[in-house]
1. Which of the residues that make up the stretch 482-500 are surrounded by fewer than 13 Cβ atoms within 10 Å (Cβ to Cβ) and of a type outside the set (A, V, I, L, M, F, W, C)?
2. State which residue is modelled with the lowest pLDDT when the search covers only the stretch 142-181 and only residues that are open to solvent by less than 10 Å² (accessible area, probe 1.4 Å) and either out of contact with any Ser or Thr (no Cβ under 9 Å at 6 or more places or on another chain) or on the phi > 0 side of the Ramachandran plot (or both).
3. Name the residues in the stretch 501-512 that are open to solvent by 50 Å² or more (accessible area, probe 1.4 Å) and assigned to a loop (DSSP other than H, G, I, E, B), would you?
4. All but one of (1) out of contact with any His (no Cβ under 7 Å at 6 or more places or on another chain); (2) aliphatic (A, V, I, L, M); (3) at pLDDT 95 or above hold for I184; which doesn't?
5. Look through A214, A158 and report the one residue that is within 29 Å of P269 (Cα to Cα), in a strand (DSSP E or B) and under 22 Å from the mean Cα position of the chain (by Cα).
6. Scanning for something crowded, with 20+ Cβ neighbours inside 10 Å, of a type in the set (A, V, I, L, M) and more than 27 Å from the chain's Cα centre (by Cα), does the stretch 564-576 turn up at least one residue?
7. Go through P135, P141 for me and flag whichever is closer than 26 Å to P196 by Cα and assigned to a loop (DSSP other than H, G, I, E, B).
8. Can you name the condition, by its number, that G634 falls short on among (1) surrounded by 22 or more Cβ atoms within 10 Å (Cβ to Cβ); (2) closer than 12 Å to P311 by Cα; (3) not polar (S, T, N, Q)?
Amino acid sequence: MTVRTFLPLAAAALLAGACVPGGTRSTPQPLCGPNDVPPQPSPEVPPMALQPLVRDIHSFAQPNEARVRHVVLDLRADFAAKTLSGTATLDVDAAAGADDVVLDTRGLAIHSVTDRAGQPLRWALGAADSILGQPLTVQLPGGGDHVLVIRYQTSPTASALQWLTPEQTAGKRHPYLFSQGQAILTRTWIPTQDSPGIRQTYSARITVPAELKAVMSAEMLTPEGEPVSGGRAFRFRMGEAVPPYLIALAVGDLAFRPLGPRTGVYTEPGMLERSANELAELEKFVDAAESLYGPYRWGRYDVLVLPPSFPFGGMENPRLTFATPTILAGDRSLVSLIAHELAHSWSGNLVTNATWAGFWLNEGFTTYFENRIMEALYGPERAAMLASLGWRGLQSAVVDAGGPTGADTRLHIDLAGRDPDAGMTDIAYEKGAAFLRTIEQVVGRERWDAYLRSYFDRHAFQPMTTETFLADLRANLIRGDAELERRIGLEQWAYQPGVPANAVQPQSGAFARVEAQARAFGQGTAAARLQTSGWSTQEWQHFLGSLPQRLTRAQLADLDRAFGLSRQGNSEILFGWLTIAVRNRYEPALPALEQFLTSQGRRKFVRPLFAALMEQGEWGRGHARRIYAIARPGYHPVTSGSVDVIVK
């Protein structure tokens with residue numbers, strides 16, 4: 001096959017402010033106009049073989065024939081129209097004889113496709129699929145010069161993009177935009193091959209209103225932006241190949257505060273002090289992670305604290321974790337979420353599930369790694385409490401997935417015909433972590449840590465499948481020891497339903513004491529007489545989860561009066577309390593429930609509470625529909641899409 005490398009032209013031209021061929025003076029810079037001198041093509045490099053990739057059922061791409069290697073974005077944010085418009089310039093590697101490249105799109109308005117010289121290329125959108133969107137098939141330019149310039153515009157309803165009005169922000173003065181690409185939503189704002197196994201470098205020029213700032217999951221080249229017609233342009237560069245779901249953008253009234261030599265926090269000015277205080281130990285987190293599994297390979301590690309509608313606790317975008325403000329408890333008690341997103345810098349970002357069937361390879365590894373970071377920073381007891389809460393979540397997830405024989409309790413999950421979001425449950429997170437904990441117990445921590453560190457080194461910046469991981473375990477850890485493999489049970493853990501009998505169940509001495517208090521309350525001890533002084537967030541979570549399923553109105557009122565649960569500012573404790581209140585139809589908690597559901601959009605909290613309401617007959621369904629009608633406009637499509645099917 002013949003391959004030419006044009007990354008230096010497309011990337012360097014954009015980043016230096018030069019033009020990219022194919023434009024006119026009516027198009028946004030840096031496309032070349034008639035009087036511009038385009039950059040010269042880079043020299044040919046020796047042919048390269050396309051490394052085979054497994055088929056991804058959630059992408060139209062055919063990467064073993066033609067594969068996107070580099071993306072250059074030149075986009076303008078229009079807050080009035082709620083659109084991004086401009087160009088995506090794609091560098092494509094192609095196998096010998098390949099004539100076309102197939103891209104993923106969903107809801108994009110494609111205006112034109114040209115080669116680097118502006119000559120039109122044949123292109124066609126295929127039939128639409130309700131989950132996958134539409135394939136965009138583009139003729140490859142002749143002569144081995146596989147560079148495509150796609151002029152397009154996003155839809156105002158693009159699922160990856162949430163456009164917030166000023167009223168939906170903390171400052172109430174400026175609009176806000178953020179993206180969320182996982183799992184297959186990047187195709188709603190970038191025409192590329194939207195598969196986690198097709199890693200791509202990228203660079204970008206984002207033009208925004210003058211009073212706003214753009215940030216991305218990439219190196220910031222112009223921290224203050226560059227004045228342009230109609231606003232400011234910000235330039236970015238990501239030189240390491242990443243899965244496309246990790247290409248991320250946010251635009252808003254943003255301030256920054258450094259927290260260490262390579263760490264800092266972005267957020268709205270009014271939230272900066274609170275966010276910086278909560279994340280003050282961020283640099284220590286990076287140090288702890290590196291001490292476990294090797295160097296952090298992404299340069300900076302910053303956190304963007306988003307407005308409340310962000311659908312996840314956090315998103316592990318490289319160099320810039322996106323985080324929910326629900327972690328701002330005031331006492332740094334919820335920072336395990338940051339440990340989780342940081343751990344993704346190794347498991348997920350560095351070594352990535354090749355398809356969404358192997359989602360556990362991202363999240364199970366990361367949940368295990370998160371717990372190790374928390375142990376290193378806060379001690380074994382804190383880590384044991386967190387792991388115990390995760391174990392409880394796993395038991396609930398097994399029930400929700402149909403019990404121990406349910407097909408969706410397998411780590412390697414069959415997602416044929418389904419949105420990959422269907423696999424984003426605690427099975428991937430907590431069963432995956434339990435698998436790794438079990439291996440650790442069988443082989444010993446020292447041997448296991450040495451293996452894990454070498455695993456990240458061996459497979460850095462590569463996709464991973466369950467099959468390949470098991471082969472790597474056999475080659476580099478088990479090494480022909482049949483008895484060791486039998487004791488671990490690799491095949492059962494990876495491919496069979498349920499939780500294997502050899503799973504290591506976390507034990508917490510602190511939780512045993514908490515359970516004693518929960519039993520005492522259930523047996524009639526007044527809430528005010530319980531021994532709760534000095535409890536951590538995790539102890540409160542466990543207490544609430546250990547109470548009897550059915551409580552009287554008097555018992556609920558006693559709990560609320562003694563501990564101020566309906567006024568709780570800690571989102572995890574409040575969520576636990578509201579779950580109990582809904583299950584027992586405790587109406588005095590309804591104002592707090594409505595406030596919680598309408599003031600944040602984190603799917604982890606929102607979806608279960610609406611599901612719990614809908615299970616409470618007409619009483620609950622009426623409240624669910626009323627509250628959802630108020631809350632839904634403020635939710636990200638990831639959250640509303642999940643709740644829509646619950647609140648029919």
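The values are calculated or read from the model by the stated rules, or taken from the named source; none is laboratory data. As the structure is a computational prediction, the values presented were derived from the model and not from experiment. Positions of Cβ are generated from backbone atoms using ideal geometry, with glycine treated the same way; all protein chains shown enter the neighbour counts. Surface accessibility is based on the protein's heavy atoms, side chains included, excluding ligands, DNA and RNA. Shrake-Rupley method; radii C 1.70, N 1.55, O 1.52, S 1.80 Å.
1. Quick first cut of the stretch 482-500, residues surrounded by fewer than 13 Cβ atoms within 10 Å (Cβ to Cβ) only: 482-483, 486, 491.
Passing the criteria: E483, R486, E491.
2. Among those that are open to solvent by less than 10 Å² (accessible area, probe 1.4 Å) and either out of contact with any Ser or Thr (no Cβ under 9 Å at 6 or more places or on another chain) or on the phi > 0 side of the Ramachandran plot (or both), it is T169.
3. Keep residues of the stretch 501-512 that are open to solvent by 50 Å² or more (accessible area, probe 1.4 Å), which gives 501-502, 505, 507, 512.
Correct list: A501, N502, Q505, Q507.
4. I184 satisfies every listed condition except (1).
5. Working: A158 fails: in a strand (DSSP E or B).
Going through A214, A158 in turn, the sole match is A214.
6. Yes: one or more hits.
7. Working: P135 fails: assigned to a loop (DSSP other than H, G, I, E, B).
Unique residue meeting the criteria: P141.
8. (1)
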